1. What is the percent of Cα-Cα separations in region 1-126 that go past 21 Å?
2. For a quick check: with amide H placed at 1.01 Å from N, whose amide H comes under 5 Å from Asp71's, ignoring anything fewer than 5 positions away on the same chain?
3. What is the calculated FRET efficiency for His229 to Ile265, with r their C-beta to C-beta distance and R₀ = 30 Å, to the nearest 0.05?
4. Which order results if Ile20, Ile265, Ile169, Ile44 are arranged by neighbouring Cβ count within 10 Å, fewest first?
5. Quick one: of Lys31/Lys336; Lys53/Lys208; Lys228/Lys298; Lys79/Lys298; Lys207/Lys285; Lys191/Lys227, which pairs are farther than 28 Å apart, Cα to Cα?
6. Using the Karplus curve 6.51 cos²θ - 1.76 cosθ + 1.60 with θ = phi - 60°, what ³J(HN,Hα) values do you get for each residue of region 248-259, in whole Hz, with x for Gly and Pro?
7. Find the relative contact order for the chain and round it to a whole percent, using C-alpha pairs within less than 8 Å whose residues are 6+ positions apart.
8. Only Lys, Arg, Asp and Glu count, each charged at its Cβ (+1, +1, -1, -1), so figure out the dipole size of the chain about its Cα centre, rounded to 20 debye.
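Bear in mind these aren't lab numbers, they're just calculated from the coordinates by the rules spelled out. Here the structure is a predicted model, which means the values were calculated and not measured. Every residue, glycine as well, gets a Cβ built from its backbone with ideal geometry; the counts of neighbours run over all protein chains shown.
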Amino acid sequence: MKALVKAKPERGLWMQDMPIPSIGPDDVLIKIRKTAICGTDLHIYRWDEWSQKTIKTPMIIGHEYVGEIADAGANVKHKFTIGERVTGEGHIACGECRNCHRGWDHICANNYGVGVHRDGCFAEYLSIPATNVVRISEKIEDDLCSIMDPFGNATHTALSFNLLGEDVIITGAGGPIGAMCVAIAKFAGAKSVFAVEPNDYRRELAKKMGADVCVNPLKEDLQEVLKKHNLIGFDIGLECSGNGGAFNQMVTAMYNGGSIALLGILPSTSPVNWNEIIFKGLKLKGIYGREMFETWYKMEAMLLAGLDIKPVITHKFNVDDYLKGFEVMDSGNCGKVILEW
Ligand SMILES: NC(=O)c1ccc[n+]([C@@H]2O[C@H](COP(=O)([O-])OP(=O)(O)OC[C@H]3O[C@@H](n4cnc5c(N)ncnc54)[C@H](O)[C@@H]3O)[C@@H](O)[C@H]2O)c1
Ligand SMILES: [Zn+2]
Ligand SMILES: [Zn+2]
């Protein structure tokens, strides 16, 4: 089968002929229709410090996909029909640790990643435990099904706190996940959504996703923006940039007692103004992946109820042109990029 392989420990990604993966008794084989490129795949493509520490080459990468059941192991055969459309959760939980037992599979102590710690979906076929397979209503089109994983990150982040009637600030609001947070926050009844994003293309994307106010942090001062809109501070912050400066600006712009969900992966050495967090009585929540599978139910329900996240898909390529897809991701002038198999 065709597969996109991180074949060598250097920048790049290579299309190679690989054997169709085998399945165990509890696994399914999925024939891939569409995949989406995640920021994680871009890190692996660039071969940055994190990838060098994490990825063992050769590895088929990718974890965002939609496909159809091609085969199922003996223990799970009765659960699936050949040809039925599915997507899947990209984190595999152990099912045995204390957190798994209390229903916190998303923060399983032994959690490992599809396309990171084991072969992923950038291939004609993917083998995955049946417990990770998710069926999505046929009313939801394939393109959207292929981005359920990052949409799940956005849903988990945005719905961490009750947004109804609240003033919300999103940093990194034009990145694919931040942009989906914008749409979810509006859908969930936020009074206002302020989108902070330095990239012009992406600030425009945040606008398309429904942001009430777009802020360029390179040119505008958040305190001035607050004054202009007669606000003392924000009730809810969704940090989706992974930029330490953006997080500190958010903290300064929060109203006393506000809540912040932290999705962006901040540099561990990034300085934080702890006094401001303490004296304002702010609440911070770290977000990892998607709640299994509560986030998935919420995603499907919101899409069926009319939430529109389609503008986040800005580019589509045939998989043979995958390098074009990675180049546009590398440029930053894009939302989600889909590769068709
Ligand atoms: N916690 C998790 O489980 C999880 C899962 C997926 C992604 N992530 C992380 O979440 C973040 C968002 O993911 P993504 O794929 O949308 O990433 P992305 O890097 O494409 O988007 C980040 C956005 O932040 C913007 N940005 C940079 N500096 C900024 C600043 N000072 N103020 C405001 N915005 C700024 C960038 O222009 C970019 O558009 C990344 O940090 C990613 O690593 C975390
Ligand atoms: Zn992803
Ligand atoms: Zn576990």
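1. Details: 3480 of 7875 pairs.
Every Cα pair in region 1-126 considered, those over 21 Å come to 44 percent.
2. Hits under the 5 Å cutoff: Leu29.
3. Working: r = 30 Å, r/R0 = 0.99.
The pair His229/Ile265 has a calculated efficiency of 0.50.
4. On the way: Ile20 16, Ile265 12, Ile169 31, Ile44 26.
Least crowded to most crowded, the residues run Ile265, Ile20, Ile44, Ile169.
5. Values: Lys31/Lys336 21 Å; Lys53/Lys208 37 Å; Lys228/Lys298 35 Å; Lys79/Lys298 22 Å; Lys207/Lys285 26 Å; Lys191/Lys227 17 Å.
Pairs exceeding the cut-off: Lys53/Lys208; Lys228/Lys298.
6. 5, 5, 4, 4, 5, 8, 7, 7, 3, x, x, 10
7. Working: 772 pairs, mean separation 57.7, N = 341.
Answer for the chain is 17 percent.
8. Working: 36 positive and 42 negative charges, 68 e Å.
Charge dipole of the chain: 320 debye, to the nearest 20.
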